[in-house]
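To start, the structure under review is shown below, and the notes come after it.
The values are calculated or read from the model by the stated rules, or taken from the named source; none is laboratory data. From a predicted model like this one, the values you see are computed outputs, not experimental measurements. Here the Cβ positions follow ideal geometry from the backbone for every residue, glycine too, while neighbour counts run over all protein chains shown. Surface areas here come from the heavy atoms of the whole protein model, side chains and all, with no ligands, DNA or RNA. Shrake-Rupley method; radii C 1.70, N 1.55, O 1.52, S 1.80 Å.
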Amino acid sequence: ASPAVMALISHPDGRYVDVNNAWLAIYGYDRAEVIGRSSLEFGLWVDPAERARIHEDLESKGSLPGVSTRHRRKSGEIAEVVASSELI
């Protein structure tokens, strides 16, 4: 029920386990389009190489607070995003 966008993603394959309603509203997807798929499969990353760099940083550091990046919504619109990630 949080208004903050949240996603739970499996490691290391990067498949979405769950997203909250705020995530669905911001990105424009239905839950069935996301769960079990990776962000690369539905083109979320404007620059997939950036995703790889962020993934490497997360793996080496365990958490990444406040990382700026760009994501593509289902509509094709580009969104400037500041995301925090943590391995759990």
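Can you give the calculated 222 nm mean residue ellipticity of the chain, where each DSSP H run of n ≥ 4 adds -39,500 (n - 2.57) and the sum is split over every residue, rounded to the nearest 500 deg cm²/dmol?
Working: 3 runs with 25 residues, N = 88.
Result for the chain, helices only: -8000 deg cm²/dmol.
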Binned at 10 Å starting from 0, the alpha-carbon pair-distance distribution of the range 20-70 in whole percents comes out as 21, 45, 33, 1
Listed residues R53, R15, R73; largest mean-square fluctuation, Gaussian network over the chain with Cα springs below 10 Å, found at R53
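What length, rounded to one decimal in nm, is gained on full extension from A1 through to A22, with 0.36 nm per residue of separation minus their alpha-carbon distance?
Details: separation 21, 0.36 × 21 = 7.56 nm, distance 0.81 nm.
Full extension of this stretch gives 6.8 nm more.
Rounding to the nearest 20 debye, state how big the charge dipole of the range 36-88 is about its Cα centre with +1 on each Lys and Arg Cβ and -1 on each Asp and Glu Cβ.
Details: 8 positive and 9 negative charges, 43 e Å.
The dipole of the range 36-88 has a size of about 200 debye.
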Per 10 angstrom bin, beginning at 0 and ending with the bin that holds the maximum distance, the Cα pairs of the chain fall in percents of 16, 55, 28, 1
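Quantify, in whole percent, the carbon and sulfur part of the accessible surface of the chain (1.4 Å probe; protein heavy atoms only). Each step should come with its number before you reach the end.
Values: 2950 of 5520 Å².
C and S fraction of accessible area: 53 percent.
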Helix 48-61: inclination vs the chain longest Cα principal axis, degrees, rounded to 10, gives 50
